[in-house]
1. Search the stretch 168-181 for residues that are surrounded by fewer than 17 Cβ atoms within 10 Å (Cβ to Cβ) and pair each with any residue that is outside any loop (DSSP other than H, G, I, E, B) and at pLDDT below 95 when their beta-carbon atoms are under 8 Å apart and the residues are at least 6 apart or on different chains.
2. Check 80, 97 and return the single one that is of a type outside the set (Val, Ile, Thr), under 27 Å from residue 203 (Cα atoms) and in the same structural domain as residue 184 (by TED's automatic domain parsing).
3. Could you tell me which numbered condition residue 114 fails, if it satisfies all but one of (1) modelled with pLDDT of 90 or more; (2) within 22 Å of residue 82 (Cα to Cα); (3) more than 21 Å from the chain's Cα centre (by Cα)?
4. Of all residues in the stretch 32-51, how many are of a type in the set (A, V, I, L, M), crowded, with 18+ Cβ neighbours inside 10 Å and more than 14 Å from the chain's Cα centre (by Cα)?
5. If you take the residues in the stretch 76-117 that are hydroxyl-bearing (Ser, Thr, Tyr) and touching a helix residue (DSSP H, G or I) at 6+ places or on another chain (Cβ under 8 Å), which one is nearest to residue 24 (Cα to Cα)?
6. What do you reckon, is residue 27 in a loop (DSSP other than H, G, I, E, B), among the β-branched types (Val, Ile, Thr) and modelled with pLDDT under 90?
7. Identify the residue in the stretch 106-135 that is in a helix (DSSP H, G or I) and β-branched (Val, Ile, Thr) and, among all such residues, is surrounded by the most Cβ atoms within 10 Å (Cβ to Cβ).
Amino acid sequence: MAQPSLPKIEALAPVGTEIGTSLSKRVGAIILLLAITGVRIRAVFDLRLENLQRVSEFNLYKVTAYSDSRERYFTFTTPEAAKVIDIYLDYRKRYGEKLTPKSPVFRDQFDRNDPASVHNVTPLKLRTLERLISRSIEKSGIRTVERITELHSEEGKIRKNVRLTAGFRKFFDTQLIYAKVEPRTKELFLGHSIGLDDNYFKPGEDYVLHEYLKAADSLTINEENRLRKELVELTRKNSILESMEIRHKVEIEAIREDMESKFQQIVAKIDIAKVN
């Protein structure tokens, strides 16, 4: 079964480089967050910095969605996504915005040369968020713009097989299935009810994080990150082989010396026997 593909982040916005504008950094961070957390788009514009909790051991974020409602639940980012979010936040700080726990994770566009614009922070609205994602994907060539014709009209809308933002959740869900994430935990990542288990299944955060990490590689969009991880693993294995080789050489030398010692002892005994 072919895995569903997701547009490369580089094609949507040159995040992580100084070439990127504040707009591209923001859009890249939004798209990556949607793709690797499974949150619905309406949860994104409501996120505050206090809803991002750094997990230093794995260099990623724990994300709490709908923190002020009964729908509250948490999920995680990949290290790649945490880095992209940090780049966007650092961009805002670099131009004078004072970030606080109550600051929105994603804000309106601002003029970096206008202090008033920088400090007048307004959270992104849902319609703006959807429009940004749609335009970025169309601009990248991932999705083409279709004009309404007589053959294509349903109250002025052209329907797609998968709703734009729902496609990110479908991608996330599929990657968790391939990674064999525990089914009930997978549903928790998607903010779904699990029936009676809502009252009885209360996994600890460490367990949930462990389940998420099963899919972390599959959720890493940029191939460079995955290749770098593979390089680190190959280097580790090579070091183990080298240490085994050194240890074996030492063991072989010890055996050889022991054999030589025993040989000399036997020769000495033979010489003594001849004399006697």
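The values are calculated or read from the model by the stated rules, or taken from the named source; none is laboratory data. Only a predicted model underlies this, so the values are computations on that prediction, with no experimental measurement involved. Positions of Cβ are backbone-derived with ideal geometry, glycine not excepted, and every protein chain shown enters the neighbour counts.
1. Pairs that qualify, where the first residue is surrounded by fewer than 17 Cβ atoms within 10 Å (Cβ to Cβ) and the partner is outside any loop (DSSP other than H, G, I, E, B) and at pLDDT below 95, are 177/186; 178/218; 180/214.
2. 80
3. Among (1) modelled with pLDDT of 90 or more; (2) within 22 Å of residue 82 (Cα to Cα); (3) more than 21 Å from the chain's Cα centre (by Cα), residue 114 violates only (2).
4. Going through the stretch 32-51 one residue at a time, the tally reaches 4.
5. 88
6. Judged against the criteria, residue 27 is not a match.
7. 133
Residue-wise test of (1) farther than 17 Å from residue 129 by Cβ; (2) part of a loop (DSSP other than H, G, I, E, B); (3) in contact with a strand residue (DSSP E or B) (Cβ under 6 Å, 6 or more places away or on another chain).
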residue	(1), (2), (3)
31	no, no, no
46	no, yes, no
57	yes, yes, no
68	yes, yes, no
84	no, no, no
